[in-house]
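Following: one structure in structure tokens, then a few remarks.
The values are calculated or read from the model by the stated rules, or taken from the named source; none is laboratory data. If you're wondering where the values come from, they're calculated on a predicted model, not measured in any experiment. Every residue, glycine among them, receives a Cβ derived from its backbone with ideal geometry; neighbour counts consider all protein chains shown.
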Amino acid sequence: MSTDLDALYQEIILDHYKNPHHKGLRDPFESEVHHVNPTCGDEVTLRVHLADGPRGPVVQDVSYDSVGCSISQASASVLTDLVIGKPVDEAMTIHQTFLELMQGKGQVEPDEDVLEDGIAFAGVAKFPARVKCALLSWMAWKDATAQAQSDSATTGGDTA
Amino acid sequence: MEGLLPDLDVIRKDFPILERTLAGGVPLVYLDSANTSQKPQVVIDSMVDQLERHNANIARAMHQLGAESTEAYEGARDKVAAFVNASSRNEVVFTKNATEALNLLARTIELGPGDNVVITEMEHHSNIVSWQLACERAGAELRWFGLTDDGHLDLSNADQLVDEHTKVVAFTWVSNMLGTINPVADLAARAKAVGAYSVVDASQAAPQLPVDVQAVGCDFLVFTGHKVCGPTGIGVLWGREELLNELPPFHGGGEMIETVTMARSTYAKAPHRFEAGTPPIVEAIGLGCAVDYLGHIGLDAIHAHEQTITAYALDGLQSVPGVTVLGPLDAAQRGGAISFELAGVHPHDIAQVLDSRGIAVRAGHHCAKPAHARFGVQSSTRMSSYLYTTPAEIDALVEGLHQTRSYFKVA
Ligand SMILES: Cc1ncc(COP(=O)(O)O)c(C=O)c1O
């Protein structure tokens, strides 16, 4: 039984689950979203703080509070590791790469240079019921970032 | 083990799916029957036979096949009427599922400002949301019975909750999350005392308890076909004949009318009043066969089996360190669904480890978010047994939970 299970629950995932990075809600932030997985009730509240960088906005901080399974918790932790400090454009590319990995039904070869610890989720893609768990915080982050950007656009871009 | 069905081996052979193995060659241990039950061969055969040999539309087909189909469909109604001890076959309305039956009532029972509807905090979402919508539409008030710490209905304020403005008291017979068996006859009597309709959700009761609508004394009762060994796509609304005939129609269309002119129509009496359009014929026939099958084994014997397995499972679960069972701990007061928490491991992860061992359970809120919230629990794991469940399967679950603890290093 354990081979499949071990493919899903990589050590890296269990480590992030036990010791999540960047957890907790922090100030300042431009947007906050609350996402729920309606089938299982997993929830995340996530805040995004953007700042101006030399080449456009930068993800200054991502903070979150969440309840859910090991996959959803670990994936929030990995997300924050990957996007904090990155230009928003680059972070969106990472998001897209992670999304493709998750939706690849286990056929996509993960790119460690882009996804770092995120490659541990490659096994999750083979468990359709768990893909939503892995994507919960990622979707929340994309949503929050889009909101933060459109807010700053409507207020003339001087809030970041 | 005393109380188990005497022919458990034979019964298991009736359910072809129980012979299945899953990934890695492990045998199936199906402990998710409160979600949907498995189907015996006779039910499968009855549906295949209808499709292979008798298929035709009912009522409106003036040929031999049409007559055979109609007879089989209406025969299923007779079987369901006997199953719930209805005083007339006209009291049995076929719906798509329990959810549709509840929505039918919530849509057709007239409510107005100043009226109230009383439900309970342990309802399935289908018996909450349908009444929320009805109350919002009508400007009526929604009230509910709370729960005691040990998972029973808190009836201490019943006299205030159910008052002369109460139009409907709607409650589950057996909770799909806590397992609690509610005092349905008392609640129905309370409703009656103030002139309100009583609506019983028997979705979890019909599979495992003898249902006698006359003994319960309720006005309406619903259940869903796929939890009583029948197929999906078919449910039942039972209602007192005179009440059904007082309700306005739900869906308009073929078969539910008496006569139609361009300006207006008059409506058929129950049950056809509520069965607009071509019904799920094959599914109804499958359901008729399923309730016959259960009746043949005997609901008293099935109930005893469930209680025996439930008592055994409660003991087994509590032998696992870190397990907390939600709901009553006395098997005599509950049905065969047991929700629990395991300290340090999320229900999803528990279900995943169990699944890798072939054990199917449910993880999440089981469509009972308010009941979970009441106990400060975000989600839980639920095992649910049925007439084919063996003590060895409970042993496999308990062993799987020990394994889960060591896998997630909480041991
Ligand atoms: C108590 C209860 N009521 C209603 C339902 C709804 O059944 P269905 O989804 O078949 O309409 C269920 C099934 O999950 C249930 O357990």
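Overview of values
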{"item": "Tally of residues being farther than 22 Å from residue B:282 by Cβ and either touching a His at 6+ places or on another chain (Cβ under 6 Å) or within 13 Å of the ligand (Cβ to nearest atom) (or both) across region B:212-255", "result": "1"}
{"item": "Looking only at region A:58-77, and only at residues there that are surrounded by fewer than 20 Cβ atoms within 10 Å (Cβ to Cβ) and of a type outside the set (A, V, I, L, M, F, W, C), the one that is nearest to the chain's Cα centre (by Cα)", "result": "A:63"}
{"item": "Test: residue in region B:88-96 that is within 16 Å of the ligand (Cβ to nearest atom), closer than 18 Å to residue B:198 by Cα and of a type outside the set (Ser, Thr, Tyr)", "result": "yes"}
{"item": "Region B:221-236 residues that are more than 14 Å from chain A (Cβ to nearest Cβ), paired with ones that are assigned to a strand (DSSP E or B) and more than 9 Å from the ligand (Cβ to nearest atom) (beta carbon under 6 Å, 6 or more apart)", "result": "B:221/B:200; B:221/B:238; B:222/B:237; B:223/B:236"}
{"item": "Output for region A:114-126, where each listed residue is surrounded by fewer than 18 Cβ atoms within 10 Å (Cβ to Cβ) and either outside any helix (DSSP H, G or I) or modelled with pLDDT of 90 or more (or both)", "result": "A:114, A:116"}
{"item": "Checklist (1) at pLDDT 95 or above; (2) surrounded by 22 or more Cβ atoms within 10 Å (Cβ to Cβ); (3) of a type in the set (Ser, Thr, Tyr) applied to residue A:31, failing item", "result": "(2)"}
{"item": "Any chance residue B:363 is under 18 Å from residue B:325 (Cα atoms), free of Cβ contacts under 8 Å to residues at least 12 places away in the same chain and within 12 Å of chain A (Cβ to nearest Cβ)", "result": "no"}
{"item": "Residue within region A:67-75 that is assigned to a loop (DSSP other than H, G, I, E, B) and within 14 Å of chain B (Cβ to nearest Cβ) present", "result": "yes"}
{"item": "Region B:192-202, residues that are among the aliphatic types (A, V, I, L, M), under 12 Å from residue B:162 (Cβ atoms) and either touching a helix residue (DSSP H, G or I) at 6+ places or on another chain (Cβ under 9 Å) or crowded, with 24+ Cβ neighbours inside 10 Å (or both)", "result": "B:196"}
{"item": "Residue, farthest from residue B:367 (Cα to Cα), within region A:36-56, restricted to residues that are surrounded by fewer than 20 Cβ atoms within 10 Å (Cβ to Cβ) and more than 14 Å from chain B (Cβ to nearest Cβ)", "result": "A:54"}
{"item": "Test for residue B:277: is it without any contact (Cβ under 8 Å) to a residue 60 or more places away in the chain and closer than 30 Å to residue B:52 by Cβ", "result": "yes"}
